[in-house]
Structure formats: structure tokens, C-alpha cells
1. For the chain, what is the mean residue ellipticity at 222 nm derived from helices alone (per DSSP H run of n ≥ 4: -39500 (n - 2.57); sum divided by total residues; nearest 500 deg cm²/dmol)?
2. Using Cα centres only, tell me the gap between the range 170-239 and the range 19-91 in whole Å.
3. Too long at a 24 Å Cα-Cα cut-off: which of Lys38/Lys268; Lys2/Lys147; Lys2/Lys132; Lys147/Lys212; Lys2/Lys38?
4. Highest mean first, what order results for 96-109, 199-212, 219-232 on Cβ atoms within 10 Å?
5. Would you mind calculating the gained length between Glu117 and Asn61 on full extension (0.36 nm times residue separation, minus the Cα-Cα distance), in nm to one decimal?
6. Give me the angle, in degrees from 0 to 90, between the Cα long axis of helix 122-137 and the longest principal axis of the Cα atoms of the chain, rounded to the nearest 10.
7. For Asn167, enumerate residues with amide H under 5 Å from its amide H, sequence gap 5+ or separate chain, H modeled in the peptide plane.
8. Return one number: the angle in degrees, 0 to 90 and rounded to the nearest 10, between the long axis of the Cα atoms of helix 31-43 and the longest principal axis of the Cα atoms of the chain.
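The values are calculated or read from the model by the stated rules, or taken from the named source; none is laboratory data. Keep in mind that this is a model prediction, so the values were computed, not measured. Counting neighbours? That spans all protein chains shown, and the Cβs are built from the backbone with ideal geometry, glycine included. Keep in mind that these areas ignore ligands, DNA and RNA; they rest on the heavy atoms of the full protein, side chains included. Shrake-Rupley method; radii C 1.70, N 1.55, O 1.52, S 1.80 Å.
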Amino acid sequence: MKVVHTIEELRDQLRGQLHVSFVPTMGNLHAGHLALMKLARQHGSPVVASIFVNRLQFGPNEDFDRYPRTLESDIEKLERERDVYVLFAPRESEMYPEPQSFQIQPPSDLGGILEGEFRPGFFMGVGTVVLKLFSCVQPRVAVFGKKDYQQLMVVRSMCRQFQLPVNILAHETVRDHDGLALSSRNVYLSEAERAEAPRLYALLQRIQDQLKQGCADREQLEGEALADLSGRGWQVDYVSLRRQRDLGIPTAEEIRAGEPLVTLAAAKLGATRLIDNLEMRYGE
Ligand code: PAF
């Protein structure tokens, strides 16, 4: 695997390649990321991965400074798996040689809700860096995890509107043995918090079960999960049942008619903010 730090080196490595498959990450790689790289490899070659902690998508009170940066061990993991041909690990001055005054502004009905409401500027930061990374790598295929469900939708809709020739593939969320979605931020959890953390997914599964058994009362489903989390010390940003197609709020009729749904949740356990989601359907 070649490790390159500049756009020029990256372009040298990829010259003439027409089927590049790409996985953008912020590093501190875990099994979830490695699964994205495997999927990327099945859909194109060579596979390029990037590691770049993108300041633009962090709010002023978020964890940009303490976000885990583990380049050496990330490289070891990628070398072991042998799926990636080039790792692009640019410095900040390479990605942002001047203040990034041109920015991607996702539409508010997609980028201003849920994560966008609680992390203003987040999807602007993601959209902007993903577009820049796509312009550096020029992939035919790019792989994103479903754990960041809304991010996946923002990226897909950005590619559609800008007519970017990139096929966006989604990988299912990879979970630990107890259901906790793998995330680079899980390293922040204390032992007690780690033991509590799988509750988020368990409650999403409960909502899925309740829907399956014929409950179409969105507010009740969300409210019960929210109360359960709050009662156990979580600070909940949202637990929200949405339509898969546009993340809009489904009516009871749509729910009963079998509209494909997804419940998304974000909540803080101590100082660590976790997100998760689960796709579901009434009666199924
Ligand atoms: O999901 C992530 O790790 C980041 O948001 C991404 C897509 C690499 C952009 O910085």
C-alpha cells in the first residue's frame, strides 16, 4: 500500500486509472471501516482510502482537538487487510491551503434536520470535504456506512444534483457483539458507559418490534424510547421515526401503508455523543 500526503502524489499514483473505488474516513479505523474497504474492492480497483480529520465539519464546542488520530496503527490495519492500494492522508494545509470560502450548502429539508439541527454546519463541512476529496481521487465508486444514515443521503443527493459520475454504495452498520454500532468515538466511553451504550440500539429494535406488531403511533414509539434513555441518564437529542426516502416525518396512514421507515437516534452518554439508526416497516 502506498501512503501519500499530497494531491500531486495521489494523482501520480492514480494516473490512467478509470475504475477507482474510494472510502473516505477520518481514521481511527475499526472493523466497520475495514468492511467498507472490502466492499469498495468488490466494486472497483484500485481502492483508495483517505484519512483526514475535517475541521470544517466540527462545531466550536465539539471534539475536533481530541478526535483520535492513530495514523500508524491505521496503516498497519490497512496493510494487514490488503484491500487498499493507496492511502491518502493529507495534512490540513493540503486540503485547505486557503480559507474554504466556497462551501456546499445542503438543502435545509435534508441537511437542516436531525443531525443538521443539533450540529449546525456539520453537513456543510461534510459536503464540502467530500466534494474536494472526490475531485482529488476522481472515483467511479465511493462507499459510505449506513451508520451515518443522513450523511449518506446528503452525499447521494449532492452527487445527483451536481451530476457527479460517482456511484455511492452503502454498507450496513457493523456492530459489536452486544449491538453497539462501531464508531471511532466509542473509545471515549468509560467502562460503565460502554456497558450502557448498547441500549440505544436495543431501543431501536424495540421500536422495530412494536411497529411490526401493529403500533403506528409515531409519537408514542419515539416518546417511550426517549423517556427510557433520559431515565437512565442519557441526554437525548432525538429519537425520530422518518421515511427512508427523504427523512420526512411519516403520517400514520403512510406508516400503515408500509412506507419504508428508519428510526434515527442521537444521544449523549456522559460526554460522548452516539448516533444510530435502524430501518423498519409497519407489520414487518
Ligand atoms: O464519516 C466520516 O468519517 C466523515 O464524515 C467523512 C465522510 C470522511 C467526511 O469527513
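1. -11500 deg cm²/dmol
2. 26
3. Beyond 24 Å: Lys38/Lys268; Lys2/Lys147.
4. 199-212, 219-232, 96-109
5. That pair, Glu117 and Asn61, stretches by 18.7 nm at full extension.
6. Result, in degrees: 30.
7. It is Val141, Ala142, by chain and number.
8. 60
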